[in-house]
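A.B. asks: A single structure is presented below for examination.
The values are calculated or read from the model by the stated rules, or taken from the named source; none is laboratory data. Because the structure is a prediction, the values reported are computed rather than measured. FYI the Cβ positions are ideal-geometry reconstructions off the backbone, even for glycines, and counts take in every protein chain you see. When the accessible area is computed, the model is the full protein with side chains, heavy atoms only, and any ligands, DNA or RNA have been set aside. Shrake-Rupley method; radii C 1.70, N 1.55, O 1.52, S 1.80 Å.
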Amino acid sequence: MLVTVEDGRATQIAGNPDHAFTNGFLCTKVSKYLERTYHADRLLHPQIRVGAKGEGRFRRATWDEALDLIAKRLTAIQASNEGPQAILPYSYAGTMGLVNGEGMASRFFHRIGASLLDRTICSSAGSEALSITYGQRMGTDPETIGEAKLIILWGTNTLTANPHLWPFVRKAKANGARIICIDPLRTRTADACDEHVPIRPGTDAALALALMHVLFRDGHEDRQYLDYMTLGAEKVRDRVLADYAPERVAPICRLPVETIERLGTLYGATRPTFIRANYGLQRHGGAGAAVRAISLLPAITGAWNDIGGGFQLSASGTFELDRAAFERRNTVPAGTRTINMSRLGEALTTVDNPRVRALVVYNSNPASVAPERNRVLEGLRRDDLFTVVLEHFQTDTADHADVLLPATTQLEHDDLHSAYGHLYLMYNHRAIEPLGEALPNAEIFRRLAAKMAIEDDALRATDEEIMREILATAGPPTSHFTLEELRDRGFVRIGVPSPHLPFHSGAVIRTASGRIEIESSVFAALGGDALPAYVPPHESEERNPELARRYPLALLSPPAHSFLNSTFVNVPSLRRAAGKPTLEIHTDDAERRGIRSGQMVSIFNDRGAFSAEAVISDRVRPGVVSAPSVWWGKLTADNTNANQTTSQALTDIGRGATFYDNLVDVRARS
Ligand SMILES: Nc1nc2c(c(=O)[nH]1)N[C@H]1C(S)=C(S)[C@@H](COP(=O)(O)OP(=O)(O)OC[C@H]3O[C@@H](n4cnc5c(=O)[nH]c(N)nc54)[C@H](O)[C@@H]3O)O[C@H]1N2
Ligand SMILES: Nc1nc2c(c(=O)[nH]1)N[C@H]1C(S)=C(S)[C@@H](COP(=O)(O)OP(=O)(O)OC[C@H]3O[C@@H](n4cnc5c(=O)[nH]c(N)nc54)[C@H](O)[C@@H]3O)O[C@H]1N2
Ligand SMILES: [Mo]
């Protein structure tokens, strides 16, 4: 991103035309980053609560007073019978900078002995499935996919969530590739593809295994690749031939047999084939099973050997960062407990020994984005919970703070960024001075550590020292250049060959067996199946028929085109573009309930309810409804959002959140 600064004020931002992946354009949201940065509601000073919990009334304070108060409260908790584990950090992806993400914050929380946070709210299921199967989170080099002749966009709304991939998809299309989108919703991405396959949510593993059935049945497998690179090929062959025939899978996925046959044949007969999956795919009970099965398709056909072929969920492992080292995981006291961020509601309301007494939130807005919102809010409203929030804005979460601290934006601090969709490490140069009294997260934790008189050099490290350590502790792809080079150039392609073929025949596979583990004892040890299998959604006819009768509609709540989860919801131009909370519902489902287009409806289940305007649409299939998200409750008419209905149940592998595994019903509001 290039920023133009005039007289100390950022006046323009644009994509960098020299960047080989982002190619000179910004996405819809980030192109409004100046509007967001200079928004009249930016938090500019530390504040201390004066109103009741959750009311959102504060008075201005100095940094000294605010940090004194936090230091005093945290020190008292540390010294109490309950001890430091009664302190819980809560953070995710507000900034994904390595310094202002966990670089300094983790050092602080590890050193004081706080409870550990299991960061599972987005990607852990798919990431773990990939790591178990392939040994590392790597995938096809996205810059090569213009060579592909078949591209499957599988559970990813590329034009919204990953628009920088699109020019490469277009290049492939111009070279004659067929582009297929597998998504229960007819998204704008689906519209732009040659074919849309409207699968029933949460059944992708079954589809992938049926495709494997066709591949093995018709002799499309690459024997050499399977023998040389994989473990368990014969067993999976037997299984898919016996159990996953297209006729059996069609009713599970609610797709025609013909579609599955045709997809399997096309995948088997075409070279190169590329599958792009993204994390939306894996917000279901059977997430790990789905990612595992899909990711194995190129291992069956040997597509990993083709330039432009393969699979990509995440390339983050290619960077070989050693987070444990630079986040100082060695200072975590033995026996420290871990709390799963996807069960925050439970953590704040029922977990004991010790009860959570202090919550420190940074880079996250759990009061909007965490599942089972009613429970989260109940927890945040506890009078005996001391809550600190580091933020740009007074979000739903910030309303519940005891101390609210102003943080800098990307424009106002330096940082390093790795990536999960491309292969460049980036230097984030500060472009402008911090607005008001805002401070970078790293500096806030540095000052807090000093206030608490913690003697530890790691907590005094400057941003630059942390950056040098990140590079020095990383593996070869990332340690082959200096911080100076990176700072000068802004971005550097990490040290992997170009094109990068991560799992070509002969590549080193970092699993215990040294092979791609189609059969996996690790999956089995974690309670899964040793062989790829379909695991139905928690909330489905297969696993809970009684619930499926009471709540017959599967609700998806993916991010709206102009929002980044709950970030940007308060930016006027983007909120105008999003309009208001809506629910897309199929004509049949609407008629049955007497719902008219434009009418307010209530979407509900046993966990809660939210309101939205009905949009009757053939973009959703019967039995599926969709609520573009993630709205701030406080910016809606009745202070609700889709997460009133989502559940705290976890994925099969990786302990992940299951936002899209969510049965509801809908009724017209009078
Ligand atoms: N229903 C439903 N729920 C979802 C999802 C969904 O699709 N549907 N998506 C899920 C996914 S994929 C994810 S990743 C999570 C995301 O959950 P979060 O990580 O909580 O992401 P955001 O909602 O973007 O909120 C990030 C907050 O960090 C703040 N922030 C940004 N930069 C900084 C900084 O430098 N310092 C500080 N202190 N704060 C900063 C922003 O102002 C913003 O309020 O939500 C999940 N929740
Ligand atoms: N504009 C924008 N860009 C973003 C984000 C954002 O909030 N806004 N968030 C960022 C983050 S944190 C993430 S994790 C990524 C997420 O990027 P994506 O994974 O692309 O995003 P989602 O919209 O969560 O899900 C993608 C699609 O999966 C579909 N889907 C849901 N369930 C299933 C299923 O069972 N099977 C299949 N095949 N499809 C299913 C949804 O209908 C949706 O269209 O995007 C990143 N980019
Ligand atoms: Mo995410």
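A.B. asks: Along the Cα→Cβ direction, 7 angstrom out, place labels at residue 217 and residue 510. What is the inter-label distance in nm?
C.D. replies: For the pair residue 217/residue 510, the computed spacing is 3.8 nm.
A.B. asks: Once every DSSP H run of n ≥ 4 in the chain is given -39500 (n - 2.57) and the sum is divided by its residues, what mean residue ellipticity at 222 nm do you get, rounded to the nearest 500 deg cm²/dmol?
C.D. replies: It comes out at -8000 deg cm²/dmol, rounded to the nearest 500.
A.B. asks: Then there's this: Calculate how steeply helix 204-217 sits against the longest principal axis of the alpha-carbon atoms of the chain, using the helix alpha-carbon long axis, and give the answer as 0 to 90 degrees to the nearest 10.
C.D. replies: Helix 204-217 and the main axis of the chain meet at about 30 degrees.
A.B. asks: For helix 233-243, report the angle its Cα long axis makes with the longest principal axis of the Cα atoms of the chain; keep it between 0 and 90° and round to the nearest 10°.
C.D. replies: Taking Cα atoms only, the helix is inclined about 80 degrees.
A.B. asks: Using the beta-carbon distance between residue 479 and residue 530 and R0 = 22 Å, what value does 1/(1 + (r/R0)^6) give for FRET efficiency, to the nearest 0.05?
C.D. replies: The value I calculate is 0.05.
A.B. asks: Can you tell me the 0 to 90 degree angle between the C-alpha axis of helix 257-269 and the longest principal axis of the chain, rounded to 10?
C.D. replies: Helix 257-269 sits at roughly 90 degrees to that axis.
A.B. asks: Running Debye on region 292-436 with equal point scatterers at the Cα sites and no solvent, what base-10 log of I(q)/I(0) appears at q = 0.22 Å⁻¹?
C.D. replies: Computed log10 I(q)/I(0) values: -1.27.
A.B. asks: Go through region 41-111 and name the GluC sites (Glu not before Pro) that are in a DSSP coil and have 13 or fewer other Cβ atoms within 10 Å of their Cβ.
C.D. replies: Filter output for region 41-111: 55.
A.B. asks: Using a 1.4 angstrom probe on the protein heavy atoms only, line up 480, 39 by accessible area, largest first.
C.D. replies: 480, 39
A.B. asks: Calculate how many DSSP beta bridges within region 539-670 are antiparallel, expressed in % of all such bridges and rounded to the nearest 5.
C.D. replies: Given both bridge residues lie in region 539-670, the antiparallel proportion sits at roughly 65 percent.
A.B. asks: Given 34, 390, 350, which one lies farthest toward the positive end of the charge dipole of the chain, if we put +1 on the Cβ of every Lys and Arg and -1 on the Cβ of every Asp and Glu?
C.D. replies: Result: 350, furthest along the dipole toward the positive end.
A.B. asks: Also: Wrap a convex hull around the Cα atoms of region 140-313, take a quarter of its surface area, and give that in square nanometres.
C.D. replies: With the hull built on Cα positions only, its mean projection is 8.8 nm².
A.B. asks: Also: Under the rule that a partner needs its Cβ under 4.7 Å from the first Cβ, which Cys of the chain have none?
C.D. replies: Among the cysteines of the chain, those whose Cβ sits 4.7 Å or more from every other are 27, 122, 253.
A.B. asks: Just flag the trypsin sites (Lys or Arg not before Pro) in region 482-551 sitting in loop per DSSP whose Cβ has no more than 16 other Cβ atoms within 10 Å.
C.D. replies: 510, 543
A.B. asks: Modelling each spin label as a point 7 Å along the Cα-to-Cβ direction, I'd like the residue 521/residue 23 distance in nm, to one decimal.
C.D. replies: If labels sit at residue 521 and residue 23, their model points lie 4.5 nm apart.
A.B. asks: If you take the charge dipole of region 545-668 about its Cα centre, with +1 on Lys and Arg Cβ and -1 on Asp and Glu Cβ, which of 666, 604, 633 is farthest toward its positive end?
C.D. replies: Going by the charge dipole, the pick is 633.
A.B. asks: Pull up all non-local amide H partners of residue 393: gap of 5 or more, or a different chain, and H-to-H distance under 5 Å with H placed in the peptide plane.
C.D. replies: Close amide H contacts, sequence-distant or interchain: 43.
A.B. asks: Which percent, to the nearest 5, of DSSP beta bridges fully inside the chain are antiparallel?
C.D. replies: Antiparallel: roughly 45 percent of the beta bridges in the chain.
A.B. asks: While we're looking at this one, here's another question. Taking amide H positions as placed 1.01 Å from N in the peptide plane, with prolines and chain starts having none, which residues 5 or more places from residue 5, or on another chain, fall under 5 Å of its amide H?
C.D. replies: Answer set, sorted by chain and number: 11.
A.B. asks: Through the Karplus equation 6.51 cos²θ - 1.76 cosθ + 1.60, θ set to phi - 60°, convert the phi angles of region 187-203 into ³J(HN,Hα) values in whole Hz; use x for Gly and Pro.
C.D. replies: With the stated coefficients, region 187-203 comes to 6, 5, 5, 4, 4, 8, 9, 6, 8, 10, 10, x, 5, 5, x, x, 10 Hz.
A.B. asks: Out of residues 5 or more away from residue 364 or on other chains, whose amide H comes under 5 Å of its own, with H placed 1.01 Å from N in the peptide plane?
C.D. replies: 92, 94
A.B. asks: Sticking with this structure for a sec: Among 429, 492, 508, flag the residue with its Cα farthest along the positive direction of the charge dipole of region 406-526, charges on Cβ as +1 for Lys/Arg and -1 for Asp/Glu.
C.D. replies: So the residue we want is 508.
A.B. asks: Rolling a 1.4 Å sphere over the protein heavy atoms, what is the accessible area per residue of the chain, to the nearest Å²?
C.D. replies: Normalised by residue count, the accessible surface of the chain is 36 Å².
A.B. asks: Hey, if we sort 25, 58 by accessible area with the 1.4 Å probe, largest down, what's the order?
C.D. replies: My answer, sorted largest first, is 25, 58.
A.B. asks: Taking the Cα centre as origin and putting +1 on Lys and Arg beta-carbons and -1 on Asp and Glu beta-carbons, what dipole magnitude results for the chain, to the nearest 20 debye?
C.D. replies: Using Cβ point charges on Lys, Arg, Asp and Glu, the chain gives about 1080 debye.
A.B. asks: Next question. From largest accessible area down, sort 147, 391; use a 1.4 Å probe on the protein chains.
C.D. replies: I get 147, 391, largest accessible area first.
A.B. asks: Applying the Karplus parametrisation 6.51 cos²θ - 1.76 cosθ + 1.60 with θ = phi - 60° to the phi angles of region 620-630, what ³J(HN,Hα) value in whole Hz is obtained for each residue in order, glycine and proline being reported as x?
C.D. replies: Along region 620-630, the couplings run 10, 7, x, x, 10, 10, 9, 10, x, 9, 10 Hz.
A.B. asks: Another question about this same structure. Using Cα positions and a limit of under 20 Å, work out the lysines in reach of residue 72, with same-chain residues fewer than 8 apart set aside.
C.D. replies: Here the lysines satisfying the reach criterion relative to residue 72 are 53, 451.
A.B. asks: May I ask you to derive the FRET efficiency for residue 271 and residue 248 from their Cβ-Cβ distance with R0 = 30 Å, giving the value to the nearest 0.05?
C.D. replies: E between residue 271 and residue 248, to the nearest 0.05, is 0.60.
A.B. asks: Note down the magnitude of the dipole of region 545-668 about its Cα centre, charges +1 on Lys and Arg C-beta and -1 on Asp and Glu C-beta and zero elsewhere, to the nearest 20 debye.
C.D. replies: 300
A.B. asks: Evaluate E = 1/(1 + (r/R0)^6) for residue 432 and residue 48, where r is the Cβ-Cβ distance and R0 equals 25 Å; express this FRET efficiency to the nearest 0.05.
C.D. replies: For residue 432 and residue 48, the calculated efficiency is 0.35.
A.B. asks: Round to a whole number: what % of the accessible area of the chain belongs to carbon and sulfur, probe 1.4 Å?
C.D. replies: In the chain, the share of accessible area belonging to carbon and sulfur is 49 percent.
A.B. asks: When DSSP beta bridges are limited to those with both residues in region 344-440, what percentage is antiparallel, rounded to the nearest 5?
C.D. replies: Of the beta bridges lying entirely in region 344-440, close to 25 percent run antiparallel.
A.B. asks: Calculate the spin-label point distance for residue 75 paired with residue 546, positioning each point 7 Å from the Cα along the beta-carbon direction, and give it in nanometres.
C.D. replies: Simple spin-label model gives 5.4 nm for this pair.
A.B. asks: With N set to the number of residues, divide the alpha-carbon radius of gyration of the chain by 2.2 N^0.38 Å and report two decimals.
C.D. replies: That ratio works out to 0.94.
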